[in-house]
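Please treat every number below as a calculation from the coordinates, not as lab data. In this text the structure is predicted, and so the values were computed from the model without any measurement. Virtual Cβ from ideal backbone geometry, glycine too; neighbours counted across all protein chains shown.
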Amino acid sequence: MATQVLTADIPAAAGRSWVLHHIGSLRLLDANGREVTPRGRKARAVIAYLAAHLGEHIGRDRLVELLWGDRGETQARASLRQALLEIRHGCGSGLIRADRDHVWIERPRLRLAIEAGDLCTDGELFEDLSGITGEFDGWLRCERSRLAFEEWEMLEARAEALVAAGRGGDALSAIERMRRIDPFNEDWLRLAMRAEAQEGHPAAIQTRFRDMEALLKSELGVSVSAQTRELHDRLLVELAKAPDGG
């Protein structure tokens with residue numbers, strides 16, 4: 001899954017000193033565009049978790065539970081302190097804030113580097129951080145699912161607007177991303193068929209429909225919905241009646 005993303009050449013806004021690349025491998029850049037990503041995976045995981053909860057004071061116990069739950073309390077807390085020192089050594093003292101019981105990143109101090117003009121790309125959220133601990137993996141799965149859902153809704157709204165404006169060809173890239181996020185969801189197929197109809201592509205409509213029909217039967221043992229089949233048939237009839245024959 002994924003969100004598009006992440007360029008190093010976006011200038012930091014006033015008061016925002018760090019830029020985080022969150023799709024693919026985690027990368028952290030300072031205000032000058034210099035990479036300051038910690039080497040340690042657990043130090044990077046601390047940044048990832050705090051970045052997902054900007055402005056929230058996260059209990060040290062929570063971070064210990066996520067990343068050092070297999071260690072005794074004294075050793076686990078020492079490991080967390082070491083990770084924070086590693087982050088501060090590479091990034092400076094301004095990114096991570098902490099008191100006796102909590103750790104946090106102030107919202108103005110960090111932003112995601114999102115590439116203008118597109119919202120999605122291939123890659124997973126913090127894909128280099130999988131497999132650190134079972135607890136952290138569980139959190140990552142939830143975050144990835146949430147991100148995929150949000151991206152789907154954003155892409156669907158964009159594609160619907162383009163198709164409604166008669167710009168089916170322009171909608172196809174967003175629709176393709178929807179397909180990759182959830183290939184079994186027929187919403188993307190119905191949008192794709194409408195977009196292909198606007199482009200005058202009956203063969204593409206048939207191919208997409210047949211591919212989905214085969215996928216649903218082989219993977220889920222179900223058929224394409226009546227709604228999708230009716231749209232497929234209606235669009236082909238309309239294209240056949242067009243003056244140029246579609």
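At a glance:
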quantity: Per-pair calculated FRET efficiency, R0 = 51 Å: Lys241 and Arg141 via Cβ, rounded to 0.05; calculated: 0.60
quantity: FRET efficiency, 1/(1 + (r/R0)^6) with R0 51 Å, evaluated for His89 and Ala161 via beta carbons; calculated: 0.60
quantity: Inter-part distance where region 21-74 and region 186-220 are each reduced to a Cα centre, Å; calculated: 42
quantity: Under-5 Å amide H pairs with Arg27, H placed in peptide plane, nonlocal only; calculated: His21
quantity: Cα→Cβ-extended label distance, 7 Å offset, between Glu153 and Ser218, nm; calculated: 3.3
quantity: Theoretical FRET efficiency, 1/(1+(r/R0)^6), r = Cβ-Cβ of Arg34 and Gln82, R0 35 Å, to 0.05; calculated: 0.95
quantity: Other-chain or far-sequence residues with amide H under 5 Å of Leu125's (modelled H); calculated: Gly24
quantity: Projected label distance in nm at Glu73 and Ser225, using a 7 Å step from Cα toward the beta-carbon; calculated: 5.2
quantity: Degrees separating the helix 168-181 axis from the principal Cα axis of the chain, which is the longest one; calculated: 50
quantity: 16 Å cut-off, amide nitrogen to a point 7 angstrom out along Glu106 Cα→Cβ, residues in region 69-95; calculated: 92-95
quantity: Inter-label distance for Asn185 and Asp61, nm, one decimal - labels placed 7 Å from Cα along Cα-to-Cβ; calculated: 3.7
